[in-house]
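Data block below; observations after.
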Amino acid sequence: MTKKQKSVLCRIIITFCLFIGLLIGEYAGIFEKIGKEWVSVLFCLIPYLLIGYDIIWKAARNISRGQVFDENFLMMIATFGAFFAGEYPEAVAVMLFYQTGELFQSYAVGKSRRAISDMMDICPEYANLEKDGTLIQVDPDEVEAGDMIVVKPGERVPLDGVVVEGKSLLDTTALTGESVPRSVAEGSEIISGCINGNGTLRVRVTKAFENSTVAKILELVENAENKKAKTENFISRFAKYYTPVVTISAVLLALIPPLVTGGDFMEWIQKACIFLVVSCPCALVISVPLGFFGGIGAASKIGVLVKGSNYLEAMAEVSTIVFDKTGTLTKGEFKVSEVLPQTCKAEDLLELAAHGEAYSTHPIAQALREAYNRPPVLERVTNAEEIPGQGIRVLVDGKELLLGNEKLMAENGICYSPCEKNGTVVYVASEGVFAGSIVISDTVKEGAKEAIARMRQAGMKRFVMLTGDRKKAADMVAQELSLDEVHAELLPGDKVALLEQLLEKQKGKEKLAFVGDGINDAPVLTRADVGIAMGSMGSDAAIEAADIVLMDDAVEKIAAVTGISRRTLRIVKQNIIFALAVKALVLLLGALGMATMWEAVFADVGVSVIAIMNSMRIMKGK
């Protein structure tokens, strides 16, 4: 509990004790025996000011700034009216229970924030920079890409990089929500924010701090609160017009009936005060944002970053999931499975392919270089030209080399032998003559099939896969995962066009989510109703374009975040319906003269506390 919360709690306890004494004195008739009205007013004014001075101050300050209509103003007017009508204990009760509700709200928001602030704690305080054979502790901002740093056991990894020396286990809990440590050794890529285990690591930095994983996560978390859900925006607009209408209605209720019917002014002023207290929109204004904030916090606990409550709300309405294949449903760890030479030896075919892909960073190019098992001689390679959706044209030793798919062979008039093997096939042609083909295999991610099954159970209706890979390899993955639709051999622009068609079929009735990890997925992620990116291995462009980021690339967490979003929306709707129903009932009873200020206090503060406690359930959901 914070210092401010302790102070409020202390005031509540003292006021409650004085309030109990006040009630005892009133029911015992002590004030009547004294016979002095001002004595009872004084005894009520002390606890009233003790518990309500800050509310009166806020209301007065907001009025001076032109911001008249808010819950502080309603509380002030209602309690002033209660004093004017001689209902002194009721005035104290309104302030006391209102502050109790505010304390509950503060505690609930703090609890929701803690799950997100745990993620904010991933920010490293320093980096051990290796310079001239010595270690210097510097701010992570001062380290540049290419510098060498040392991460000692128990320290937080300050920057993204590649392990050059050492072996250890990394605790990734703060980033991914997973408790199982990740083993790293020489050549392993590591990301900032993890905690080093039992070994010392020498790391070559690959990104400056402002571009690191930690910096991007912090930016996403800080911006999440600014993107409100439709329900939140509606409640904000509702409260903006609702409060002045309520205030004007209360004034009319206090004045018109006694003027028209000749009734008692004090009686109608009391009814107007009851009307004001009942009508206060605290339960809605507090519980709805708190519910969405709790949902974002619950998602962060399992390693899923939601960039705003609007995306959490949209996720609850998703019925169609569109996946990229490589790196999303499959591991993206390509390995050469077969070499099928046609006019040369297998070793020569691999040598040509490795040199042809010498400058490429594509996973397939890396697989070809690994299979060659020797570094390509870059001086032999010139004029490399990438042909989108087909492959690459390059000069190796001055001879034209083509590497790619069937389209590339057909476009250049190469007479080739089609390969029917399972996997991605790279056809190789040298100087217009077909040299052979190389089969590269990628395997489906562990848990991907179970993830699809869980998403079906969660109510997802359609599963679609888009890929630039050849149709046979795509069909094999789609069959293994029981997907409903597959579109293969696509160019990056084709993916956007296909997504547009799928969105058109939805007709705005239900939402569509796209899951991807590559640079070429960024346009599709932006266009989808909800873009979901792989945060651990995904490209910066994909993470930037996405609305939701899976920090550990676990596809099964899509089902989990869907469950959280639907649970959040369900609880938010429960709060809205409950608050409006109770308030309508007490307003009706008040109009009939059957509700007192006590019922009004429950209809306001009691409903707020119940709604807040209901919102806190989101954090406890599994």
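The values are calculated or read from the model by the stated rules, or taken from the named source; none is laboratory data. Fair warning: this is a prediction, and the values are worked out from it, not measured in the lab. Here Cβ is always computed from backbone atoms with ideal geometry, including for glycine, and neighbour counts include all displayed protein chains. The accessibility values were calculated without ligands, DNA or RNA, using every heavy atom of the protein model including side chains. Shrake-Rupley method; radii C 1.70, N 1.55, O 1.52, S 1.80 Å.
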Discussion item. For segment 592-622, give me each residue that is closer than 18 Å to Glu90 by Cβ and open to solvent by 30 Å² or more (accessible area, probe 1.4 Å).
Written reply: Gly593, Met594, Thr596, Trp598, Glu599, Phe602
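Yes or no: segment 424-431 includes at least one residue that is in contact with a helix residue (DSSP H, G or I) (Cβ under 7 Å, 6 or more places away or on another chain), under 28 Å from Tyr311 (Cα atoms) and small (Gly, Ala, Ser). If you could, list the steps in order and put the result at the bottom.
If we filter segment 424-431 for residues that are in contact with a helix residue (DSSP H, G or I) (Cβ under 7 Å, 6 or more places away or on another chain), which is where we start, we get 424, 426-430.
Still in the running and under 28 Å from Tyr311 (Cα atoms): none.
No, segment 424-431 contains no residue that is in contact with a helix residue (DSSP H, G or I) (Cβ under 7 Å, 6 or more places away or on another chain), under 28 Å from Tyr311 (Cα atoms) and small (Gly, Ala, Ser).
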Worksheet item: Being open to solvent by 10 Å² or more (accessible area, probe 1.4 Å), closer than 17 Å to Leu305 by Cα, modelled with pLDDT under 85 and of a type in the set (D, E, K, R), is that true of even one residue in segment 511-527?
Response: yes
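Out of everything in segment 21-48 that is farther than 14 Å from Tyr98 by Cβ and modelled with pLDDT of 85 or more, what residue ends up being most open to solvent (accessible area, probe 1.4 Å)?
Going through the qualifying residues, I end up with Ile46.
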Worksheet entry | Condition broken by Lys495, with the remaining ones in (1) open to solvent by less than 60 Å² (accessible area, probe 1.4 Å); (2) over 27 Å from the mean Cα position of the chain (by Cα); (3) farther than 30 Å from Leu349 by Cα; (4) charged (D, E, K, R) satisfied | (2)
Worksheet item: Can you name the condition, by its number, that Gln366 falls short on among (1) surrounded by fewer than 23 Cβ atoms within 10 Å (Cβ to Cβ); (2) outside any helix (DSSP H, G or I); (3) of a type in the set (S, T, N, Q)?
Response: (2)
Discussion item. Quick check on segment 306-317. Is at least one of its residues under 18 Å from Ala473 (Cα atoms) and in contact with a Phe, Trp or Tyr (Cβ under 8 Å, 6 or more places away or on another chain)?
Written reply: no
Worksheet item: Wholly within segment 532-622, which helices (runs of 4 or more DSSP H) include no fewer than the required count, namely at least 2 residues that are modelled with pLDDT of 75 or more and under 29 Å from the mean Cα position of the chain (by Cα)?
Response: 557-591, 607-620
Discussion item. Would you confirm, using the coordinates I've provided, whether Leu403 is open to solvent by less than 50 Å² (accessible area, probe 1.4 Å) and touching a residue at least 12 places away in the same chain (Cβ under 8 Å)?
Written reply: yes
Fill in: Subset of segment 369-390 [within 23 Å of Glu333 (Cβ to Cβ), not in a loop (DSSP other than H, G, I, E, B) and not aromatic (Phe, Trp, Tyr)]
Arg369, Glu370, Ala371, Glu386
Discussion item. Of the conditions (1) farther than 14 Å from Asp553 by Cα; (2) surrounded by fewer than 23 Cβ atoms within 10 Å (Cβ to Cβ); (3) under 46 Å from the mean Cα position of the chain (by Cα), Leu312 satisfies every one except a single condition; which number is it?
Written reply: (2)
Worksheet item: Going by the conditions given, is Val304 of a type in the set (Val, Ile, Thr) and closer than 30 Å to Ala371 by Cβ?
Response: no
Response to the item:
A careful count of residues in segment 107-157 that are modelled with pLDDT under 70 and of a type in the set (Gly, Ala, Ser) gives 5
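In this structure, is Thr343 open to solvent by 70 Å² or more (accessible area, probe 1.4 Å) and in contact with a Phe, Trp or Tyr (Cβ under 8 Å, 6 or more places away or on another chain)?
It is true that Thr343 is open to solvent by 70 Å² or more (accessible area, probe 1.4 Å) and in contact with a Phe, Trp or Tyr (Cβ under 8 Å, 6 or more places away or on another chain).
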Item to complete: Being of a type in the set (S, T, N, Q) and over 12 Å from Thr343 (Cα atoms) is the filter; apply it to segment 412-431 and report the residue that is modelled with the lowest pLDDT.
Response: Asn422
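Return the residues of segment 64-93 that are touching a Gly at 6+ places or on another chain (Cβ under 9 Å) and either closer than 23 Å to Ile286 by Cα or modelled with pLDDT of 75 or more (or both); say none if nothing qualifies.
We begin by selecting, within segment 64-93, every residue touching a Gly at 6+ places or on another chain (Cβ under 9 Å); these are 75-76, 79, 87, 91-92.
Of everything in segment 64-93, those that are touching a Gly at 6+ places or on another chain (Cβ under 9 Å) and either closer than 23 Å to Ile286 by Cα or modelled with pLDDT of 75 or more (or both) turn out to be Met75, Met76, Thr79, Ala91, Val92.
For segment 553-572, give me each residue that is of a type in the set (Gly, Ala, Ser) and touching a Gly at 6+ places or on another chain (Cβ under 8 Å). Let's see the steps before the verdict.
Going residue by residue through segment 553-572, those that are of a type in the set (Gly, Ala, Ser) are 554, 559-560, 563, 565.
Ala554, Gly563, Ser565, listed by residue number.
Looking at segment 354-361, can you tell me whether even one residue there is touching a residue at least 60 places away in the same chain (Cβ under 8 Å) and in a helix (DSSP H, G or I)? Steps first, answer last, please.
Start the filter on segment 354-361 by keeping residues that are touching a residue at least 60 places away in the same chain (Cβ under 8 Å), which leaves 356.
Remaining after also requiring in a helix (DSSP H, G or I): 356.
Yes, some residue in segment 354-361 is touching a residue at least 60 places away in the same chain (Cβ under 8 Å) and in a helix (DSSP H, G or I).
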Worksheet item: Are any residues in segment 584-615 of a type outside the set (A, V, I, L, M, F, W, C), touching a helix residue (DSSP H, G or I) at 6+ places or on another chain (Cβ under 7 Å) and under 30 Å from Gly295 (Cβ atoms), and if so, which ones?
Response: Asp604, Ser608, Asn614, Ser615
Worksheet, complete the sentence: Going through segment 547-583 in order, the residues found to be open to solvent by 50 Å² or more (accessible area, probe 1.4 Å) and touching a helix residue (DSSP H, G or I) at 6+ places or on another chain (Cβ under 9 Å) are Glu556, Arg566, Arg567, Lys573, Gln574, Phe578, Leu580
Item to complete: Give me a count of the residues in segment 276-308 that are within 21 Å of Phe97 (Cβ to Cβ) and either surrounded by fewer than 23 Cβ atoms within 10 Å (Cβ to Cβ) or of a type in the set (Ser, Thr, Tyr) (or both).
Response: 4
